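What follows is a short report on a single structure.
Quick note: the coordinates plus some simple rules give every number you see, no bench work behind them. Being a predicted model, the structure only gives us computed values, none of them experimental. For neighbour counting, all protein chains shown are included, and Cβ atoms are generated from backbone atoms with ideal geometry for every residue, glycine included.
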Amino acid sequence: MSKILVGLKRVVDYNVRVRVKPDGSGVVTEGVKMSINPFDEIALEEALRIKEKGGASEVIVASIGPAETQQQLRTGLAMGADRAILVQSEQALEPLSAARVFLKLIEKESPQIVLLGKQGIDDDNNQTGQMLAALWNRPQATFASKIELDGTLARVTREVDAGLETIEVDLPAVLTTDLRLNEPRYVKLPEIMKAKKKPLETLALGDLGVDVAAQFKTLNYAPPPSRQKGIMVKDVPELLATLKQKGLVQ
Amino acid sequence: MTHILVIAEHAGGKLNPATAKCVTCASQISDATVDVAVFAAQADALAAEAAQIAGVNRVLKIEDAANAEPLAALLAPQVVSLAQKYSHVFGPSTTFGKDLMPRVAALLGVGQLSDIMAVEASHRFRRPIYAGNAIITVEAPADRKVVATVRTASFQAAGGAGSAPIEAVDVTAELPSHTRFISRSAAATGRPDLQTAARVVSGGRALGSAENFKVIYSLADKLGAPVGASRAAVDAGYAANDLQVGQTGKIISPELYIAVGISGAIQHLTGIKDARTIVAINKDAEAPIFEVADIGLVGDLFAILPELEKALG
Ligand SMILES: Cc1cc2nc3c(=O)[nH]c(=O)nc-3n(C[C@H](O)[C@H](O)[C@H](O)COP(=O)(O)OP(=O)(O)OC[C@H]3O[C@@H](n4cnc5c(N)ncnc54)[C@H](O)[C@@H]3O)c2cc1C
Ligand SMILES: Nc1ncnc2c1ncn2[C@@H]1O[C@H](COP(=O)(O)O)[C@@H](O)[C@H]1O
């Protein structure tokens, strides 16, 4: 039976309003709540549902990150993943490097499906899955809002700008998730206890023999330009008068 | 000299305006020559359209039955074979470009820059991260190809006064059969495109049902505007997924944006920051949307919208 490999990235929680450090050297991450990237939670939920329907025998969650990433992997195990792999790295990797690491994990585990999020809500890159599929020389189905497995192929409905698109890909393949794919389950307390006993393997990034050198240099971080303070109007006539005055309606 | 290849996006025999926006971005690099590549089953009309974009040096036409639908796995190796002669390869940061460009970059062994919002130099760009809460200046290595997506809301479409030569090109690339197009269900709304419209009216969770959401359509009709929606409205099924505005939906830059019953979550705001004028209608005076709104009106949308529509005549 087949395995599903799921990427779980540790990111600043989506509720945190991220701020740039005054000296422009980065964003403030000290003392900030960290969570599983929301799209990756959706990826894990989908993998679990596939397994529950008999479409896979094992769900493996994997992350590249610092030692603290064990927290997110334990949460993934508590959600129902069978085991976890942490590729420990203090340095944040660019998507191409992350894809190269995932390719190593693929060589090790031979999954039938790799499920990643469509984008990390930290760097908003939206690249890793597509890059991994290229390096692996396999199909990609990005921005999935529906996944149907049919033997050795997957039929995937994708959220594209024009609406919905359905493509068919031979497996193995890389699939990336969009928001409407599912609603991730909540973790129950007994599951958290059980998850402590599930296997979590740690690999050192340096042992993988992967080129992870950064290609891009970030020279500066700046806050976004702020908008001018607006006005409040009291009723519809005043709203309309203001819009007319600005030439926005006739 | 900087040689830039822009990958055209098209649908239904028409170029997507995102293509001309990519040309604008590329043209901002000094000394750049900008070529546009059109991949299609029948590319004549599209290539002719691309040739008119001001600032285009040459249009490459790659006709192949396999290019009838934009499948990244099939397009990427073809783009790679063209890319050899270029220092930069740009695509739009639409779902088309986001799907394709990272695959191209990985095949070329280079990283990719997402969502270029400003050009500082041939290898230095600005882009947003953390849902637009930080803007970074990034330098790409000078000795490698730059593969990037262009944040279309940050650039005006180049004009249509050009007359670039068109060349049919044969690419040598092995095309995989592992990925097949099945179908597309585009909600043909007959409305202006959300990403290029001058005015947009959006509704949020407050609408409460698909039936109630019609008041948003009705106001939009009065203004000749397309409709947008918050994620909550899309998730709840009040509006189609392609109407979602925000970090993970569409990034838009209309002259006028009217947000109705939308609280103004960070993820939504990042999609509308480039709007010239933001109007917010919300019954909660404390809603974060009022922090970014140019004009705010506190009140019940179900009372305000009919009155506004009537007043518009
Ligand atoms: C990974 C991720 C990505 C996301 N991407 C996006 C995205 O791209 N776009 C997006 O929009 N969201 C996105 N979200 C969701 C976002 O965080 C918010 O949950 C969402 O934007 C809320 O939608 P809303 O404003 O319609 O609903 P709510 O936050 O529930 O706000 C409803 C508002 O309506 C007002 N209201 C209620 N009744 C009335 C009435 N009768 N008249 C007037 N006002 C009324 C309320 O005061 C409230 O302010 C994302 C979230 C995550 C985790
Ligand atoms: N360091 C990482 N650890 C685990 N998964 C990752 C990592 N980086 C990227 N991914 C996966 O790739 C997806 C897209 O990330 P990105 O290309 O950075 O936007 C994420 O949603 C994850 O599933």
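Worth a mention:
- For the stretch B:229-307, dividing the convex hull volume of the Cα atoms by the residue count gives 90 Å³ per residue.
- For chain B, leaving out every one of the trypsin sites (Lys or Arg not before Pro) that falls in a DSSP loop and has at most 16 other Cβ atoms within 10 Å, the longest unbroken run is B:145-275.
- Shape of the stretch B:78-195 from the C-alpha gyration tensor: rounded (a/c under 1.5, with a ≥ b ≥ c the square roots of its eigenvalues).
- Taking the Cα centre of the protein assembly as shown as reference, the dipole from Cβ charges on Lys and Arg (+1) and Asp and Glu (-1) amounts to some 820 debye.
- For the stretch B:71-81, 3J(HN,Hα) per residue [Karplus equation, 6.51 cos²θ - 1.76 cosθ + 1.60, θ = phi - 60°, Hz, x = Gly/Pro]: 9, 4, 5, 8, 6, 4, x, 6, 4, 4, 5
- Across every pair of non-identical alpha carbons in the stretch A:110-236, the mean reciprocal distance, once inverted, gives a Kirkwood radius of 18.8 Å.
- 5 angstrom amide H check on B:V146, placed H, neighbours 5+ away: B:H88, B:V89
- Among B:T277, A:T152, B:T95, sorting on how many other beta-carbon atoms sit within 10 Å of each Cβ, with the fewest leading, yields A:T152, B:T277, B:T95.
- Listed by chain and number, the aspartates and glutamates placed with their C-alpha closer than 15 angstrom to that of A:K198 are A:E58, A:D82; residues fewer than eight positions away on the same chain are left out.
- Whole-Å semi-axes of the ellipsoid equivalent to the stretch B:2-168 (Cα gyration tensor, √5λ, descending): 23, 17, 15
- Among beta bridges that DSSP assigns inside chain A, antiparallel share in %, nearest 5: 40 percent
- For the stretch B:280-291, 3J(HN,Hα) computed residue by residue from phi via the Karplus equation (6.51, -1.76, 1.60; θ = phi - 60°) reads 10, 10, 7, 7, 9, 5, 8, 4, x, 4, 5, 5 Hz, glycine and proline entered as x.
- The protein assembly as shown: antiparallel DSSP beta bridges as a percent of all, rounded to 5: 35 percent
- Placing unit charges on the Cβ atoms only, positive for Lys and Arg and negative for Asp and Glu, gives the stretch B:2-168 a dipole magnitude near 380 debye about its Cα centre.
- Counting DSSP beta bridges with both ends in chain B, the antiparallel % (nearest 5): 20 percent
- Computed about its Cα centre, the charge dipole of chain A is approximately 640 debye, with only Lys, Arg, Asp and Glu carrying charge at their Cβ.
- Whole-Å semi-axes of the ellipsoid equivalent to the stretch B:142-278 (Cα gyration tensor, √5λ, descending): 33, 20, 17
- Split chain A at each of the GluC sites (Glu not before Pro) in a DSSP loop with at most 14 other beta carbon atoms within 10 Å, and the longest piece is A:91-250.
- Per-residue ellipticity at 222 nm, computed for chain A from helices alone with -39500 (n - 2.57) per DSSP H run of at least four residues, works out to -8000 deg cm²/dmol.
- Computed Kirkwood radius, in angstrom, where 1/r is averaged over Cα pairs of chain B: 20.6 Å
- Beyond 27 Å in Cα-Cα separation lie the following of the pairs B:K21/B:K273; B:K222/B:K283; A:K33/A:K53; A:K21/B:K145; A:K229/B:K21; A:K194/B:K98: A:K33/A:K53; A:K21/B:K145; A:K229/B:K21; A:K194/B:K98.
- A dipole drawn for chain A from +1 and -1 charges on Cβ atoms has a positive end, and of A:G76, A:N15, A:G230 the residue lying farthest that way is A:G230.
- Projecting the Cα atoms of A:Q245, A:L116, A:F216 onto the charge dipole of chain A, computed from C-beta unit charges around the Cα centre, puts A:Q245 farthest toward the positive end.
- Compared with the dominant principal axis of the Cα atoms in chain B, helix B:18-27 is inclined by about 60°.
- Loop-located trypsin sites (Lys or Arg not before Pro) in the stretch A:27-118 (DSSP state other than H, G, I, E, B) with a sparse environment of at most 16 neighbouring Cβ atoms within 10 Å: A:K33, A:K53.
- In order along the stretch A:119-127, the phi-based Karplus estimate (6.51 cos²θ - 1.76 cosθ + 1.60, θ = phi - 60°) of 3J(HN,Hα) comes to 7, x, 7, 8, 8, 6, 6, 6, 9 Hz; Gly and Pro are listed as x.
- Of B:I281, A:I60, B:I166, the sequence from fewest to most neighbouring Cβ atoms within 10 angstrom is B:I166, A:I60, B:I281.
- Note on chain B: dipole from Cβ charges, positive end direction compared against B:L74, B:I252, B:F125; the farthest Cα belongs to B:F125.
- The mean number of partner chain beta-carbon atoms within 10 angstrom of a residue's beta-carbon across peptide A:59-68 is 0.
- Rg/Rh, computed from the Cα trace of the protein assembly as shown with Rh as the Kirkwood radius, has the value 0.96.
- In percent, rounded to a whole number, the relative contact order of chain B is 14, using alpha-carbon pairs under 8 Å and six or more apart.
- Helix B:95-108 and the longest principal axis of the C-alpha atoms of chain B enclose an angle of approximately 30°.
- Cα gyration tensor shape of the stretch B:183-231, rounded if a/c is under 1.5, else prolate or oblate by comparing a/b with b/c: oblate
- Computed [θ] at 222 nm, deg cm²/dmol, chain B (DSSP H ≥ 4; -39,500 (n - 2.57); rounded to nearest 500): -7000 deg cm²/dmol
- Cα gyration tensor shape for chain A, rounded if a/c is under 1.5, else prolate or oblate: prolate
- Partner chain coverage, peptide B:168-181 - average Cβ within 10 angstrom: 3
- For chain A, hydrophobic long helices are taken as DSSP H runs at least 18 Å long by C-alpha position along their axis with mean Kyte-Doolittle hydropathy of 0.0 or more; these are A:95-109.
- Rounded to 10°, Cα long-axis angle of helix B:301-312 versus longest principal axis of chain B: 80 degrees
- Cleavage-rule hits (GluC sites (Glu not before Pro)) in the stretch B:277-313: DSSP loop, at most 15 neighbouring Cβ within 10 angstrom: B:E286
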